[in-house]
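Structure record follows, encoded as structure tokens.
Values quoted throughout were computed directly from the atomic coordinates according to the rules given, and no laboratory measurement underlies them. Quantities reported herein were computed from a predicted structural model and do not represent experimental measurements. Virtual Cβ from ideal backbone geometry, glycine too; neighbours counted across all protein chains shown.
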Amino acid sequence: MSDPTYTPPKVWKWDAESGGAFSKINRPIAGPTHQQALPVGDHPFQVYSLATPNGVKATIMLEELLEKGIREAEYDAWLVRITEGEQFSSGFVEVNPNSKIPAMVDRSVDPAIRVFESGSILLYLAEKFGEFLPRDIARRTEALNWLFWQMGSAPFLGGGFGHFYAYAPEKYEYPINRYTMEVKRQLDVLDRQLADNQYIAGDEYTIADMAIWPWYGALVTNKVYEAAEFLEAHTYTHVLRWSHEIAERPGVRRGRMVNRTWGDPASQLHERHDASDFENKTQDKVDASLGHS
């Protein structure tokens, strides 16, 4: 079904909100909307984020590093409420001119280094600490193949399928069919890869898994868009196996909680400034709230 009421103008003008989720913060220009400095904590890494599928990549990586005993990866995680436009503050735009979460500042070096885009953050931390990215050229390249696969594929899932299936003010057959077809193709790509490999890039857990799991693992386990039945997620058995396995990792469990502001309160840690911040969240409550058995 197409919209019979709309004919594109010769020149598009931003005249009104488009409707749907997030319409009040969408705009066709960049730059800050207001002056506000970002807070800074005591740890080497400062993360500014929200626990969206992109946002949790950074906190999962940092928690995985800490799980390995790498104390130099200590961090402060500050909440950025994107539905309230906090990503358009002058301080945030200085760290990420694209005004998207997550963004990170490495203050362990002088001058401090800003890192934005979730894939860049994963790669930066992997190279800085020598973890979760193989040194062997062939295995490293395979992990990076899949990291960049996620960077290119997820917009079809989020901005395409997720938008038209879950968030758009009207539902139209053509865009839903178009993006459903592509998402199912992507799931099939992953399912075939995971049929022969424990993890995305082989037998080693890497930043490729950290990038892909928050999107596609959440999709098949019905954590995003409530579309598992619609997509027949149960048929992607290898993706499901992998998704459940990743979800059991302690670093993933903790990282997914950070900057989370929805769901069961036991699954939420709005800001993280010390490992002890998790102590009031018992594992049983976390498991129940996140749907783990």
Subject >> Coil-residue GluC sites (Glu not before Pro) of segment 66-174, DSSP, other Cβ within 10 Å capped at 10 >> reply: GLU170
Subject >> Fraction of alpha-carbon pairs over 15 Å apart in segment 45-129 - percent >> reply: 53
Original post:
For segment 45-129, with only Lys/Arg (+1) and Asp/Glu (-1) charged at the beta-carbon, what is the dipole magnitude about the Cα centre, in debye rounded to 20?
Top reply: 120
Subject >> Alpha-carbon centroid distance for the pair segment 92-166 / segment 34-74, whole angstrom >> reply: 13
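Report the FRET efficiency, 1/(1 + (r/R0)^6), for ASN177 and ILE70, where r is their Cβ-Cβ distance and R0 is 41 Å, rounded to 0.05.
Working: r = 46 Å, r/R0 = 1.12.
Efficiency at R0 = 41 Å is approximately 0.35.
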**OP:** Using a cut-off of under 16 Å, list every residue of segment 74-109 whose amide N is near the label point 7 Å from the Cα of HIS270 along the Cα-to-beta-carbon line.
**Re:** 77-86
Subject >> Cβ charges +1 (Lys, Arg) and -1 (Asp, Glu), total dipole of the chain, debye >> reply: 620
**OP:** Could you tell me which of ASN54, GLY69, ALA37 has its Cα farthest along the dipole of segment 34-121 towards the positive end, charges placed at Cβ (Lys, Arg +1; Asp, Glu -1), taken about the Cα centre?
**Re:** ASN54
**OP:** Find, among the chymotrypsin sites (Phe, Trp or Tyr not before Pro) in segment 195-271, those assigned to loop by DSSP (not H, G, I, E, B) with at most 15 other beta-carbon atoms within 10 angstrom.
**Re:** PHE230, TRP262
**OP:** Please give the length that would be gained between ALA37 and TRP12 if that part of the chain were fully extended, namely 0.36 nm times their separation in residues minus their C-alpha to C-alpha distance (nm, one decimal).
**Re:** 5.6 nm
Original post:
Taking the simple approach of a point 7 Å from Cα along Cα-to-Cβ for both ARG81 and ARG139, what is their distance in nm?
Top reply: 4.5
Subject >> Theoretical FRET efficiency, 1/(1+(r/R0)^6), r = Cβ-Cβ of ASN222 and ILE29, R0 30 Å, to 0.05 >> reply: 0.25
Original post:
Roughly what % antiparallel, to the nearest 5, for the DSSP beta bridges in the chain?
Top reply: 60
Original post:
Across segment 137-290, how many lysine pairs separated by 8 or more positions, or lying on different chains, have Cα atoms within less than 24 Å?
Top reply: 5
Subject >> Karplus-derived HN-Hα couplings along segment 109-118 (A = 6.51, B = -1.76, C = 1.60, θ = phi - 60°), whole Hz, x at Gly and Pro >> reply: 10, 10, x, 4, 10, 8, 9, 10, 6, 4
Subject >> Dipole of segment 175-267 [Lys/Arg +1, Asp/Glu -1 at C-beta], most positive-end residue of VAL239, SER267, MET210 >> reply: SER267
Original post:
Could you give the Stokes-Einstein D for segment 114-175 in µm² per second, using the C-alpha Kirkwood radius, 20 °C, 1.002 mPa s?
Top reply: 155
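Given the DSSP H assignment, sum -39500 (n - 2.57) over each helix run of at least 4 residues in the chain and divide by its residue total; what's the result at 222 nm in deg cm²/dmol, nearest 500? Don't skip to the answer; put the middle values down first.
Values: 9 runs with 106 residues, N = 293.
Mean residue ellipticity, 222 nm, calculated: -11000 deg cm²/dmol.
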Original post:
For the charge dipole of the chain, defined by +1 on Lys and Arg C-beta atoms and -1 on Asp and Glu C-beta atoms about the Cα centroid, which residue among ILE82, ALA112, MET257 has the Cα displaced farthest towards the positive pole?
Top reply: ILE82
Original post:
Which whole number of Å³ per residue matches the convex hull of the alpha-carbon atoms in segment 137-290?
Top reply: 126
